[in-house]
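Here the structure comes first, spelled out in structure tokens, and everything after it is commentary.
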Amino acid sequence: MATGLNEIHKVEDGDITFVDNEKYYSKSLNSDATIIIIDKEVQCPQGKALLLHENPFEIFNDLAKKHRPFKRYDGNIRFNNIGDSSIIEPGVHIAEDVTIGEGCYIQAGAYIGNHTIIGNNVTVQAGAIIGTDAFYFKKEEGKYTKWHSSGRVIIEDNVSIGAGCTINKGVSGDTIIGNGTKLDCQVHIGHGVVIGKNCLLAAQVGIGGKTVVGNNVVMYGQVGVAQNLEIADNVAILAKSGVSKNLEADKVYFGYPAQEAKQCYKELATLRQLVSQKLKA
């Protein structure tokens, strides 16, 4: 019995996933997925079903479109799924199947896409765009084919979303902003990103798709985080740093590629001393 549809990074028991590259056969066959669409006959693991097709991606994408079809926004706000105490300013655009809790404040010019879930006491400032399609394409025969975005955005209680922020929904899983987290203006959250509780993200931070951020993480202005990474709890990343690998808990990071700030400062000081000595010589 299929109970869900998910890409390999997000699969759970009961999910359908696909694989069309031998490099990922082992990961897919040993994942939690129950049904796997695959392009080659292989031994079927116990408790799973394999569906053979020459183009597994095409079938997976078609299933996503069928079960979570594109719905054009018609301009109407459906207040039956919005808490009575929430304030929705004029000029807010709310698509279908959106749920907004109690005590929320959504400022003018914000857009909230299909299937978004917003908790209680959430503030969304002017011009924020929530639930846009994932920037996710598959390269086939020299061209890029768009993955259908069938995931959601879930914003938990007591979150603040700054003006001009953009938050992509997941390709098949959920993009999640944890309880108490605050986003400054012009922050971008990629598809399927999971951000923990009580995080602070300053202006122009960008986080790549499917990265997982722990609790109490602070990212200063213009930090860039690559996709598919894990950032542990209580991490601080200083301004303009570029994160290209997983970061351990309870540390401060700086630079590009980001490393522990103390080590980075030592290296910079050493470089300055080398330059100074060379000039003197």
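The values are calculated or read from the model by the stated rules, or taken from the named source; none is laboratory data. Every value quoted in this text rests on a predicted model; they were computed, and no experiment measured them. Glycine also receives a Cβ, built like all others from the backbone with ideal geometry; neighbour counts cover every protein chain displayed.
The table below gives the values:
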quantity: Test result for Ile36, within 24 Å of Val212 (Cβ to Cβ), without any contact (Cβ under 8 Å) to a residue 24 or more places away in the chain and part of a strand (DSSP E or B); calculated: yes
quantity: Count of residues meeting criterion [surrounded by fewer than 19 Cβ atoms within 10 Å (Cβ to Cβ), of a type in the set (A, V, I, L, M, F, W, C) and touching a His at 6+ places or on another chain (Cβ under 8 Å)] in segment 93-145; calculated: 1
quantity: Residue count for segment 100-129, restricted to those that are hydroxyl-bearing (Ser, Thr, Tyr) and within 19 Å of the chain's Cα centre (by Cα); calculated: 2
quantity: Residue in segment 255-263 that is surrounded by 14 or more Cβ atoms within 10 Å (Cβ to Cβ) and either in a helix (DSSP H, G or I) or touching a Pro at 6+ places or on another chain (Cβ under 6 Å) (or both) present; calculated: yes
quantity: Residue in segment 232-252 that is under 19 Å from Ile167 (Cα atoms), free of Cβ contacts under 8 Å to residues at least 60 places away in the same chain, within 17 Å of the chain's Cα centre (by Cα) and not in a strand (DSSP E or B) present; calculated: no
quantity: Candidate set: segment 67-94, residues that are under 23 Å from the mean Cα position of the chain (by Cα) and not in a loop (DSSP other than H, G, I, E, B); chosen: the one nearest to Gly109 (Cα to Cα); calculated: His93
quantity: Residues of segment 205-223 satisfying the condition of being under 22 Å from Tyr136 (Cβ atoms) and either touching a Gly at 6+ places or on another chain (Cβ under 6 Å) or not in a loop (DSSP other than H, G, I, E, B) (or both); calculated: Gly206, Ile207, Gly208, Gly209, Lys210, Val212, Val213
quantity: From the options Val153, Val205, Val159, Val171, residue that is farther than 27 Å from Leu63 by Cα and either touching a residue at least 24 places away in the same chain (Cβ under 8 Å) or surrounded by fewer than 23 Cβ atoms within 10 Å (Cβ to Cβ) (or both); calculated: Val159
quantity: Any hit, segment 209-221, residues being hydroxyl-bearing (Ser, Thr, Tyr), farther than 24 Å from Val122 by Cα and either out of contact with any Ser or Thr (no Cβ under 6 Å at 6 or more places or on another chain) or not assigned by TED's automatic domain parsing to the domain that holds Asn168 (or both); calculated: no
quantity: Pick from segment 227-252, criterion surrounded by 18 or more Cβ atoms within 10 Å (Cβ to Cβ) and touching a Pro at 6+ places or on another chain (Cβ under 9 Å), ranking: nearest to Thr175 (Cα to Cα); calculated: Val243
